[in-house]
Amino acid sequence: MFERKCKIIFIRHGSTIYNEQDRLFDNDDYPPINEKGKKEMERISQWLKICNPNVDMIYTSSSLRAIQSARIISKNLKHDFEILDDIHERRAGMWGGLTFKQIEEKYPELFAKYSKDPTSFWPEDGETLEELNARVEKILNPIIKKSSQKRLVFITHTGVIRSAVRQALGIPPEYQKRLYVPTGSATQINYYEEWSSLVYSAHIPA
């Protein structure tokens, strides 16, 4: 009844030491995935191999942790990947490397402004939620348009996946941070001509 334009499986990269510490970070070169992250990527690549073997394209963020994750998936699926610069994590700016508790202690005035307006406030050298959403839409929409009947895999980050789900379902931006996206998880969105469908979210293969 409904002709699908394409489907995208968003994979959050494998775990790193910063993820386990709940730190904000946007450094493309550090940290690498740890042993837990490698196991997560092996597990999810085996799941992809069984449940989604006919992948047409694999895209990855340019960050080290995403590329390392993509290499594991690519090897198991026997499919090359392409790096997309614009699916990197939200830029943390001066808050990079800190937890929210540390931000509140170190920058109380800025944290208070963020708490009152989490959608449009962020330090000047970072990226607001509105800017992140605009960036994700700008990169996703042309790919969806040119990928008729294709099955795509994106290896990316929490912020990008939340933004994609927000766009697909029309979730108000102020609520998108409530979406749970753990490392090593898969989220699938099917795109149709007039609407989109969230098939599953934050799936972690057994």
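If you scan the range 122-156, which residues turn out to be more than 18 Å from residue 60 (Cα to Cα), modelled with pLDDT of 95 or more and surrounded by fewer than 19 Cβ atoms within 10 Å (Cβ to Cβ)?
130, 131, 134
Looking only at the range 128-167, count every residue that is without any contact (Cβ under 8 Å) to a residue 40 or more places away in the chain and either of a type in the set (Phe, Trp, Tyr) or not in a helix (DSSP H, G or I) (or both) and tell me the total.
Number of matching residues: 1.
When the range 41-66 is examined, which residues are found to be of a type in the set (A, V, I, L, M, F, W, C) and touching a residue at least 60 places away in the same chain (Cβ under 8 Å)?
Of everything in the range 41-66, those that are of a type in the set (A, V, I, L, M, F, W, C) and touching a residue at least 60 places away in the same chain (Cβ under 8 Å) turn out to be 41, 44, 47, 48, 55, 57, 58, 66.
How many of the residues making up the range 10-54 are out of contact with any His (no Cβ under 7 Å at 6 or more places or on another chain), surrounded by 22 or more Cβ atoms within 10 Å (Cβ to Cβ) and among the aliphatic types (A, V, I, L, M)?
Adding up the residues that qualify gives 3.
Please specify each residue of the range 168-203 satisfying the condition of being free of Cβ contacts under 8 Å to residues at least 24 places away in the same chain and under 26 Å from residue 41 (Cβ atoms).
Across the range 168-203, the qualifying residues are 178, 179, 180, 200, 202, 203.
Looking only at residues that are closer than 26 Å to residue 30 by Cβ and among the aromatic types (Phe, Trp, Tyr) in the range 98-121, which one is surrounded by the most Cβ atoms within 10 Å (Cβ to Cβ)?
114
Listed here are the residues, each with its yes/no results for (1) within 23 Å of residue 74 (Cβ to Cβ); (2) touching an Asp or Glu at 6+ places or on another chain (Cβ under 8 Å); (3) basic (Lys, Arg).
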{"site": "107", "(1), (2), (3)": "no, no, no"}
{"site": "112", "(1), (2), (3)": "no, no, no"}
{"site": "123", "(1), (2), (3)": "no, no, no"}
{"site": "137", "(1), (2), (3)": "no, no, no"}
{"site": "151", "(1), (2), (3)": "yes, yes, yes"}
{"site": "157", "(1), (2), (3)": "yes, yes, no"}
{"site": "172", "(1), (2), (3)": "no, no, no"}
{"site": "175", "(1), (2), (3)": "no, no, no"}
{"site": "184", "(1), (2), (3)": "yes, yes, no"}
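Which residue pairs have Cβ atoms under 6 Å apart, sit 6 or more places apart or on different chains, and have a first residue in the range 11-40 that is within 20 Å of residue 90 (Cβ to Cβ) and a second that is among the aliphatic types (A, V, I, L, M) and surrounded by fewer than 16 Cβ atoms within 10 Å (Cβ to Cβ)?
31/17
Which of the residues spanning the range 13-61 are assigned to a loop (DSSP other than H, G, I, E, B) and aromatic (Phe, Trp, Tyr)?
25, 30
Condition first: surrounded by fewer than 18 Cβ atoms within 10 Å (Cβ to Cβ), at pLDDT below 95 and either on the phi > 0 side of the Ramachandran plot or outside any helix (DSSP H, G or I) (or both). Now tell me which residues in the range 82-97 satisfy that.
93, 96, 97, listed by residue number.
The values are calculated or read from the model by the stated rules, or taken from the named source; none is laboratory data. Keep in mind that what you see is a predicted model, and the values were worked out from it rather than measured. Cβ: placed from backbone, ideal geometry, glycine included. Neighbour counts: every protein chain shown.
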